[in-house]
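*Asks:* Sharing a structure with you now.
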Amino acid sequence: MSGQARSYLFVPGHRPERFDKAARSAADMVVIDLEDAVEAPRKAEARELVLAWAGRQPPDALERIALRVNDAATRFVAEDLELVRASGLRQVMLPKVEHAEQVELVLRAVPEARVLPLVESARGLEACRDIAAAPGVLRLVFGTLDFAVDLDLDIDEDPWPLEQAAAQLVLASRLAGLAPPVAGVTPQLQDEARLLSDWSWFRRRGFGAKLCIHPGQIEPVHAAIAPDAAALDWARRVVAADAAGAGAVSVDGRMVDRPVVLQALRVLRRAGL
């Protein structure tokens, strides 16, 4: 699922009462967070809670769950990866990735893991092509808030300072044959307009999914990702014209050539058709 997921919903690793609620939500993927959401004194407790909860889930349900472990440079990561091995969880969101060797560390511990590297720094961005091409990588994730802190960028009103970084992550993903990258969180919980504005900005730059921090953000994101009625109508007519045409054909005055047909098929796939 994760390679085609539209939404990734974070839930704190020390709040087991929220795990089931998150799993029942409309989120395509749930990310149980052992990193930023859990203070150091409670990390061991959080691992025990995650292990107990995962043990009560059917194996197919765990396909929809990822675990954000701690930074590979910390003392916590080894025990986090032991939890991955023991729990049956196999999708690992790895924070603060700055070189491909950090992905390899995860795979040495859990060879069957599928890794979602978070690019959150200038060094991570510089290495993003190597990271994207590393074995086991499922999809790149843009940790926009930490990235802005690392580069001292102001993105409170508009994400435009992230323009060049966003382009590099999209290009690295395409070159590695990955799904489009995942956009970072919108921290304004009660501001749907800001949520949709953020998503629209990243979608126009080639991103394919978004991190969410509240269940209320899921449905607006899914609705914004889905093609509207006009786009679906255009895509259907393009595909029909291409199938029926014996030569050059046009739709709405535009020649239907292969790139146009591929664009129409992409719109239909986004709608699940």
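Just so you know, all these numbers are worked out from the coordinates, no wet-lab data involved. Here the structure is a predicted model, which means the values were calculated and not measured. When we count neighbours, we look across all protein chains shown, and the Cβ atoms used for this are built from the backbone with ideal geometry, even at glycine.
*Asks:* For the ranges 162-175, 129-142, 14-27, what's the packing order if you count other beta-carbon atoms within 10 Å of each residue, average per peptide, and put the highest first? Intermediate results must be reported in sequence, preceding the final value.
*Replies:* Details: 162-175: 18.0, 129-142: 20.9, 14-27: 16.4.
The densest-packed peptide leads the list: 129-142, 162-175, 14-27.
*Asks:* How far is it, in nm, from the label point at ARG42 to the one at GLU79 when both lie 7 Å from their Cα along the line to the Cβ?
*Replies:* 1.5 nm
*Asks:* Along its principal axes, what span do the Cα atoms of the range 95-165 show, with the longest given first and each in whole Å?
*Replies:* Dimensions of the range 95-165 along the principal axes of its Cα atoms: 41, 17, 15 Å.
*Asks:* How much length is gained if the chain between GLU192 and LEU175 is pulled fully straight, taking 0.36 nm per residue apart and subtracting their Cα-Cα distance, in nm to one decimal?
*Replies:* Stretched fully, the GLU192-LEU175 segment lengthens by 2.8 nm.
*Asks:* Let me ask something else about it. Compute a Gaussian network model of the chain, connecting alpha carbons closer than 10 Å, and tell me which residue from THR144, THR186, THR74 fluctuates the most.
*Replies:* Result for the chain, Cα springs under 10 Å: THR74 fluctuates most.
*Asks:* Length gain on complete extension for the stretch ARG56 to MET255, per 0.36 nm per residue less the alpha carbon to alpha carbon distance?
*Replies:* On the way: separation 199, 0.36 × 199 = 71.64 nm, distance 5.54 nm.
My answer for the length gained is 66.1 nm.
*Asks:* May I pose another question? Quick one: if you take sqrt(5λ) for each eigenvalue of the C-alpha gyration tensor of the range 55-101, what semi-axes come out, biggest first, whole angstrom?
*Replies:* Result for the range 55-101: semi-axes of 22, 12, 7 Å.
*Asks:* Can you quote the Å³ per residue value for the convex hull of the Cα atoms in the chain, rounded to an integer? Don't skip to the answer; put the middle values down first.
*Replies:* Values: hull volume 39.2 nm³, N = 273.
Dividing the Cα hull volume of the chain by its residues yields 144 Å³.
*Asks:* Now for a different question. For the range 123-273, just run the numbers: alpha carbon Rg, then divide by 2.2 N^0.38 Å, N being how many residues it has. All intermediate terms of the calculation are to be shown ahead of the outcome.
*Replies:* Values: Rg = 17.9 Å, N = 151, 2.2 N^0.38 = 14.8 Å.
Ratio of Cα Rg to 2.2 N^0.38 Å: 1.21.
*Asks:* Oh, and also: Starting from a Cα-only point model with no solvent, please compute log10 I(q)/I(0) by Debye for the range 147-229 at q = 0.13, 0.14 1/Å.
*Replies:* -0.42, -0.48
*Asks:* A follow-up question, please. If I take the Cα coordinates of the range 229-270 and project them onto the principal axes, what are the three extents in Å, biggest first?
*Replies:* That gives 28, 16, 15 Å along the principal axes, largest extent first.
*Asks:* If you restrict to DSSP beta bridges whose two residues both lie in the chain, what percentage is antiparallel, to the nearest 5? Mind showing how you got there, number by number?
*Replies:* Working: 2 of 27 bridges.
Among the beta bridges of the chain, antiparallel pairing accounts for roughly 5 percent.
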